[in-house]
Structure formats: C-alpha cells, structure tokens
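Presented below is the structure to which this report refers.
The values are calculated or read from the model by the stated rules, or taken from the named source; none is laboratory data. Owing to the predicted nature of the structure, the values given are computational and were not obtained by experimental measurement. Cβ coordinates were reconstructed from backbone atoms using ideal geometry, including for glycine residues, and neighbour counts include every protein chain displayed.
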Amino acid sequence: MADESQKAFRDEMREVAAQEMDSNADSFDKELGVAIIEDEFKGDPSLIEKCNSGAFDLLTESNSSSPQPPAKTMPVEKHVGVYRPASTKTKNKIIFPSKTRSGMTVAADHAWQKREVGLSVKEEDIEKIPDPVTKPCFSSSSNLKNCSASSIVILDLETTGLIQHGIMPHITQIAAVNSNTKEQFSRYVAPYLPITPMAEKVTNITWSGGVLCYRGEPVDFVRIKTALVDFLEWLEKFPTVVIVAHNGRTFDFRVLCNAFRSCGLQDRFCSKVSAYCDSLTLFRQKFPKLEKYKQEFLAQHFCGHTYNAHNALDDVIMLDEIMQVALLSVSDFKKHSYNTECQFLQEEFNSSKSKNITPFALLSEKKS
C-alpha cells in the first residue's frame, strides 16, 4: 500500500511539474523551482527520506540522449516537488500540491496555493493598531476683523468627475470673481486623469490627444500647478480673502485643498486665504423656506432667469448676481465661514482614516 501511495504521489508531481513548465517555461523555474521525480525513486524510500531531511539533487530527465552536467544541489523545506528554495528570505510556506482539497483540479489547486502564500498579492505585516488621528474642528477664522466686500471671492471648479471612495477628481476648469470689484479669473486645466463620460456631458469639456475642448472647440489650457500659481497671484490684489463656493464644503473646497497640497502650495494658499464659506449652508440658514437650494433654482428664484450652468466662469458670475439680489452682507459671510486650515486638516484626517480602517479590521480579525 505504501508503494502504491508513493507511486501516485510521484505521478501527480510529474503532472504538476509538466503543466507548470509547459505554461510558463521561462519564468516558473526561476520563481519557484521544479524538481522532477525520476524512476530512481522507485522502490527506494530512503531517497525520499533523504530529500525530506534537508537537501537533494535536482534530477534531470533520464531519457535525455546527451550527457548532463552535475545537477545543482539546493536545500528544500520538508517536501520535494514544486517548492520555494530555502535560501529565499521569506516566511511564506512551501508550495506543495495537495491531493485532498475537494472540488479542484491539480492546476487550480496549485494556483490557489500561490495566492495563499502571497505570490500573487503582497500583504504587509500588521503588528499593532495604528495611532488615532484627531478629527479637526471647523472653527471660525480669527483673521476676519479686516474683512470687507473686496475680501469676498466666489469660486467654482469643473472636474473630471465626482469624489468617489475618497479619490479626488482632477480640475479641468477653475474660475473666480471678486464680489466687489467684479474682476474675473479663469483657467482651463489639462487633467492627469481621464474625464468621465458623465462629466463630459455635464461640463462639455473633453480631453483627447493632448487637446482640451469646450463644446467641441479647442481652448488654451495650462497644467494644474501653473493654474494654482496664477490663481494665488491673482488673489494677491485682495485683502483678507474669503473664498465662497456653492456646496464648497462637500466638493469644491475638498478638491481645491487636494490640488494645492499635491502641488506643494498649501502653506502659500493658507497664508493668503483666511477662510472658506459654503454659500449652500448660508442660503439654507438665511432662507429656510425655499423649495430647493441648487444654484440653478436660486438663479430662477432670485434673478428670474436661467444661465449657462456648469461652466465655471458662468457659475461664479451667476452666484455673485444671486448674492447681490439676496442682499447678503459681509457679516453673513463671516458668520458662516471657517478657517482655511480646517479643510486641509479634515482631508488629512479622511486620508489617514481610510488607510487605517483596513489594517485595523485585519488586525481585529486576527485577534478574534
């Protein structure tokens, strides 16, 4: 019975080795190594015992017609067949074909084992629970004593898409207008991410073959860092800047912070911009009985007309007009503003939280 078991074992090992060598002859032997079990093993259990005890010779095909050089001796961990050399600096276990895992062919079983030991997916060791990250408090800015009408800058962004799973879209257009002087700023931006079909449909901005188009017509564009530097230089002419955006806290301010941080301009931005103000929150609290608070509805409600929505420059001009008709004062903006740095801290908190959730879950699972 023992001889039959050993024979079945040898036959299976030949089959596995042949399948793997045929499918990936160039890389498989370098990655794992294959030991061909030869006829010399027949009837000699001592050879198998010798292999399992520490080291063995990689055997060559016995039916080869040409002389073979001496085989290289390599240590093996406990089993012979498809293995990982013991010299490899890894704590992964040896790959040893199993005959008992039900519902799998030999090839499928071996592929499963490769995934199991981490050859397909690298997994970091988790040794401790990550340190907690303090959630920031959105506090009022203390730098608004000198805030005036010239401080109010209305901003809007068009992007490659929405924020999904914490991944920020890239800016395709940035526009702003000063609520007092009516000076305007606008830049089209070449993104590093593709524009989603929905964003193309909504914004009419396309990016293909190095050409940025609005409504099918090519437009001048810059890269994101140039656009942000130009924006900062434009802001220099205004004192104690408060940036206002509709639904800004949920979208525009988050995307803008991510862009400034990624370009290494966060400190320069915070030194110039004192506060953010989300006009959506302001209108909800100032006019609690309105049916809707989307900007298109506010334009119709306060100004009695529609406009070219989802073009960043047209959006900021329209929002400025809405705020003028709604008789919003500087004190209204100050009341509903918060410190610029709070938004950056919130984004850092979100980023750290997303990184820590998965390791924490894995660690908790292992300890349970």
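Taking only pairs six or more apart or across chains, which ones have beta-carbon atoms under 6 Å, a first residue in the range 176-195 that is farther than 14 Å from Val219 by Cα, and a second residue that is at pLDDT below 95 and surrounded by fewer than 14 Cβ atoms within 10 Å (Cβ to Cβ)?
Pairs found: Asn180/Ala149.
For Asp332, state whether it is buried (at least 16 other Cβ atoms within 10 Å of the Cβ), touching a strand residue (DSSP E or B) at 6+ places or on another chain (Cβ under 9 Å) and without any contact (Cβ under 8 Å) to a residue 60 or more places away in the chain.
yes
Do you know which of the residues in the range 168-210 that are part of a helix (DSSP H, G or I), of a type outside the set (Asp, Glu) and under 22 Å from the mean Cα position of the chain (by Cα) is nearest to Asp314 (Cα to Cα)?
The initial filter retains those residues of the range 168-210 that are part of a helix (DSSP H, G or I), namely 197-203.
Applying the additional criterion that residues be of a type outside the set (Asp, Glu) yields 197-199, 201-203.
With under 22 Å from the mean Cα position of the chain (by Cα) added as a condition, the list becomes 197-199.
Working: Pro197: 22, Met198: 20, Ala199: 17 Å.
In this case the residue turns out to be Ala199.
Of the conditions (1) touching a helix residue (DSSP H, G or I) at 6+ places or on another chain (Cβ under 9 Å); (2) part of a helix (DSSP H, G or I); (3) modelled with pLDDT of 95 or more, Phe297 fails just one. Which one is it?
Checking Phe297 against (1) touching a helix residue (DSSP H, G or I) at 6+ places or on another chain (Cβ under 9 Å); (2) part of a helix (DSSP H, G or I); (3) modelled with pLDDT of 95 or more, the one that fails is (1).
Considering only residues that are surrounded by fewer than 13 Cβ atoms within 10 Å (Cβ to Cβ) and closer than 25 Å to Val241 by Cβ, which ones fall in the range 276-314?
Within the range 276-314, Gln285 is the sole residue that qualifies.
Among the residues of the range 219-238, write down those that are of a type outside the set (A, V, I, L, M, F, W, C), surrounded by 11 or more Cβ atoms within 10 Å (Cβ to Cβ) and outside any helix (DSSP H, G or I).
Answer for the range 219-238, where residues must be of a type outside the set (A, V, I, L, M, F, W, C), surrounded by 11 or more Cβ atoms within 10 Å (Cβ to Cβ) and outside any helix (DSSP H, G or I): Arg223, Lys237.
In the range 196-206, what count of residues is obtained for those that are free of Cβ contacts under 8 Å to residues at least 40 places away in the same chain and either in contact with a Gly (Cβ under 6 Å, 6 or more places away or on another chain) or of a type in the set (Phe, Trp, Tyr) (or both)?
1
I need the full set of residues from the range 239-275 which are surrounded by fewer than 21 Cβ atoms within 10 Å (Cβ to Cβ), outside any helix (DSSP H, G or I) and not aliphatic (A, V, I, L, M), in order please.
Pro239, Thr240, Asn247, Cys263, Gly264
Output the qualifying pairs, or none if there are none: Cβ atoms under 9 angstrom, residues six or more apart or on different chains, first residue in the range 307-324 and not assigned by TED's automatic domain parsing to the domain that holds Val177, second residue surrounded by fewer than 17 Cβ atoms within 10 Å (Cβ to Cβ) and not acidic (Asp, Glu).
Every condition considered, no pair remains.
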